[in-house]
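Below is one structure; the comments refer to it alone.
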Amino acid sequence: MQSIHATTVLGVLHNGEVAMGADGQATMGNTIAKSNVKKIRKLLDGKIVAGFAGSTADAFTLIERFEEKLSAYGGNMKRAAIELAKDWRTDRYLRRLEAMMIVANKDELLVISGTGDVLEPDNHVAAIGSGGTYAQAAAVALQKHAPQLSAEEIVRESLHIAADICIYTNHNLVVEKIG
């Protein structure tokens, strides 16, 4: 699977809620270019939330294509994700895009990559980006040891932990929830 550098996006499905968040930092090389980028979008009238890591222009292209697939498949998120991954892997233009996505609805959480992967993560936690492993570890621990927390609280705390560790992740968070 691709490795996307310089951001952190985390999705959590917990106690019937879904929350997804990301830091706001955009970097160009080793320089912070912007500190308040919005990497999370609600789709399908708020029924699906999507987050992206990678080149902003590439990510917007992929989100547009994903919305087209959602439309074509009647809002079926998993089918739209699979069809997007197939196109992404085989289309000459899309194949060059450098990004990854997490998409979620009230029942499912998926990671979509340009290598054709559509993964349903264990523990109902998905993370991408350079701070993703830190945020994922924190979220899994919080789900296990603080089950009374909401999905949104788990996402916020986990992203703050990642921001304390990863130099490509800041504390300017955007968190969206559904459910």
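FYI, it's all coordinate maths here, none of it is from the lab. For clarity, every value in this text was computed on a predicted model and none was experimentally measured. Using ideal geometry, Cβ is built from the backbone for each residue, glycine included, and neighbour counts are taken over all protein chains shown.
Computed quantities for the displayed model
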quantity: Relative contact order (percent, whole number), segment 43-179, Cα cutoff 8 Å, 6+ residue spacing; calculated: 21 percent
quantity: Förster-model FRET efficiency, 35 Å R0, Glu120 and Asn172, C-beta, rounded to 0.05; calculated: 0.75
quantity: Qualifying trypsin sites (Lys or Arg not before Pro) in segment 19-113, DSSP loop, other Cβ atoms within 10 Å at most 15; calculated: Lys38, Lys47, Arg92, Lys106
quantity: Gap separating the Cα centres of segment 88-158 and segment 22-45, nearest whole Å; calculated: 16 Å
quantity: Listed residue pairs exceeding 18 Å between alpha carbons, taken from Lys39/Lys177; Lys86/Lys177; Lys42/Lys69; Lys47/Lys106; calculated: Lys86/Lys177
quantity: FRET efficiency, Arg96 to Asp45 (Cβ-Cβ, R0 45 Å, nearest 0.05); calculated: 0.90
quantity: Cα→Cβ-extended label distance, 7 Å offset, between Ile32 and Glu64, nm; calculated: 3.1 nm
quantity: Distance in nm between pseudo-label sites at Ala146 and Ile165 (7 Å out along the Cβ direction from Cα); calculated: 1.5 nm
quantity: Estimated Rh, the chain: Kirkwood, alpha-carbon pairs, angstrom; calculated: 15.8 Å
quantity: Amide proton proximity set for Glu98, modelled H, under 5 Å, gap of 5+; calculated: Ser55
quantity: Residue exposure sequence - Asp91, Asp45 - by fewest surrounding Cβ within 10 Å; calculated: Asp45, Asp91
quantity: Whole-Hz ³J(HN,Hα) from phi, Karplus 6.51 cos²θ - 1.76 cosθ + 1.60, for segment 83-96, glycine and proline x; calculated: 5, 5, 4, 5, 4, 4, 6, 9, 6, 4, 6, 5, 4, 7
quantity: Burial ordering of Asp122, Asp58, fewest other beta-carbon atoms within 10 Å first; calculated: Asp122, Asp58
quantity: Under 5 Å, built H, 5+ apart or other chain: amide partners of Ile48; calculated: Leu43
quantity: Label-point gap, in nm, between Lys86 and Ser71 - each point 7 angstrom along Cα→Cβ; calculated: 2.0 nm
